[in-house]
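J.: Would you mind keeping the following structure in view while I ask a few things?
None of the figures in this text is laboratory data; all of them are computed from the coordinates on show. All of these numbers come straight from a predicted model, not from anything done at the bench. With ideal geometry, Cβ positions are generated from the backbone for all residues, glycine too; neighbour counts draw on all protein chains shown.
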Amino acid sequence: MNDEDFAIYAAQAPIMQAAWRFAEAFWVEHDMRATWKATHPTLRRCWAQQWLMPLRAMARDDGYDPDEVIDAFAVDVVDHPLWEHFTRTQIRNATLPVDRDTWGTKVNPEYKAPDVMLVLLMPVPASGVLEVGEQYAAVPLLMQYDDEPGWRALNFASEEIPVPGWPPQLGA
């Protein structure tokens, strides 16, 4: 490996490590607390809004203000009565068979914005080598950089930057 290739790889390593932190916490360990710490606050808001959207009337009937619930969910460590309900439904849907032995990340992520990069998580072929011209199934992980915590998942299963709201915009 030449010096230029090494420098590129070294610069991308924190992004790949952060993508794996999210992927392993969510799809392998099914640990929503660890997943949440690896998730950018914008995705936290959108994810929680998407979950709460069809339940807003019921939440209000139970005495919860939907906007206050979302604010409570936007922090690193959530302490809210609805958190367990949220995590149970999300973990039930975390069925991607990710593991480090059979999955990898695309080595050359794409910039989507100055502080946002696209990482592709994909099963590695049995040969261990991606062949030029072949198509491979991949799960996009959009990663965003923050000064304090570093790289975190901004979106998954979509290449779009999410936008909070009622309804949130998470992309396809």
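J.: Quick one, could you list the DSSP H helices from the chain stretching 27 Å or more along their long axis (Cα atoms) with average Kyte-Doolittle hydropathy of -0.5 or above?
T.: Qualifying helices: 3-23.
J.: Quick one: which residues, 5 or more positions from residue 110 or on another chain, have an amide H under 5 Å from its amide H? H modelled 1.01 Å from N in the peptide plane, none for Pro or chain starts.
T.: Distant-sequence amide H within range of residue 110: 118.
J.: From the helices alone, meaning DSSP H stretches of at least four residues, give me the mean residue ellipticity at 222 nm for the chain, per-run term -39500 (n - 2.57), in deg cm²/dmol to the nearest 500.
T.: -11000 deg cm²/dmol
J.: Computed from the coordinates I sent, semi-axes √(5λ) of the Cα gyration tensor in Å equals one of (1) 25, 18, 13; (2) 62, 20, 14; (3) 32, 17, 14. Tell me the label.
T.: (3)
J.: Sort 131, 24, 159 so that the residue with the fewest other Cβ atoms within 10 Å of its own Cβ comes first and the one with the most comes last.
T.: Lowest count first: 131, 159, 24.
J.: Using modelled amide H (1.01 Å from N, peptide plane; none on Pro or chain starts), what sits under 5 Å from the amide H of residue 124, excluding residues fewer than 5 places away?
T.: Close amide H contacts, sequence-distant or interchain: 103, 104.
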